[in-house]
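Notes to accompany the following structure.
Coordinate-derived values only; no laboratory data. Note that this is a predicted model, so its numbers are computed, not measured. Glycine gets a Cβ as well: all are built from the backbone with ideal geometry, and neighbour counts include every protein chain shown.
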Amino acid sequence: MLNEDEIKKVFGERLTEARKRCGITQLSLAEKLNYSDKAVSKWERGESLPDIFTIMKIGETLGVTMSYLLGEEEKPTVPEKIVNEKRSRRSISVFVPLVSALGIYFIASVLFLIFKQIPSVAPYADYSFLFALPVMFITLSVFSFIWWHNISQFISLSLLIWSTFASIYTAVDLFTNLPDFKYIFLSCAILQIICIIVFVFVRFKKKNK
């Protein structure tokens, strides 16, 4: 029968091994569990143990049993197929957003070529690529909240904010005579500050959990 320190050590070693076998980082695992990466690091060093429900969730996430993590089994009982499925999902989380972004810019390129052939709109054809940016970043923002980490979510949202306001400013500047419309970027800056505050709050909350 293992004592508490031995259980912590075994748990830390097996958690590290299972996490690396699945090809995920401490930060990624921490976000899936709604803990900080510092907490995961402590577990892996054998300094502390999570509660029983968290251990069960770790097992489900990494494709191993709770008994294995706690040293009651010598080998994982879950087949390697689960690990391969997790790696496949990770590849999809990169491939799908990339193809979507390329698809959006392919459509923008087609529109650019079409507009170039129409004399009345030819001078504005180049803006097809600018106006495609918000569409692309909306798509990436959606995928970031489905698959990616907080930092990726923050970056994609920030790019969405600035590209949207840049597109609005450009459209107004081209097709209207509104004066001093550049002050719209003050609103953009305020939204960016709100985004930063929310991001910092979420990170702080996780680190102190």
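Indicate the gyration tensor shape class of the stretch 1-40 (rounded, prolate or oblate), computed on the Cα atoms with a ≥ b ≥ c the square roots of the eigenvalues: a/c under 1.5 is rounded; otherwise a/b larger than b/c is prolate and the rest oblate. The shape class here is oblate.
Spin-label model, GLN117 to PHE181: label points 7 Å out along the Cα-to-beta-carbon direction sit 3.0 nm apart. Sketch the reach of a paramagnetic label on SER109 as a point 7 Å from Cα along Cα-to-Cβ, and name the residues of the stretch 125-166 whose backbone nitrogen lies under 17 Å away. Output list for this probe position: 126-133, 136.
In the chain, Cα pairs under 8 Å separated by at least six residues give a relative contact order of 17 percent. For the chain, the calculated P(r) over all alpha carbon pairs, in 10 Å bins from 0 to the bin holding the longest distance, is 8, 24, 24, 18, 13, 9, 4, 1, 0 percent.
Relative to the 2.2 N^0.38 Å rule of thumb, the stretch 4-78 has a C-alpha radius of gyration ratio of 0.95. With the simple spin-label model, which puts each label point 7 Å out from Cα in the Cβ direction, the ASN3 to PHE145 separation comes to 5.1 nm. For the pair SER93 and ALA189, label points projected 7 Å from Cα toward Cβ lie 3.5 nm apart. Once the convex hull of all Cα atoms in the stretch 87-207 is built, its volume per residue stands at 85 Å³.
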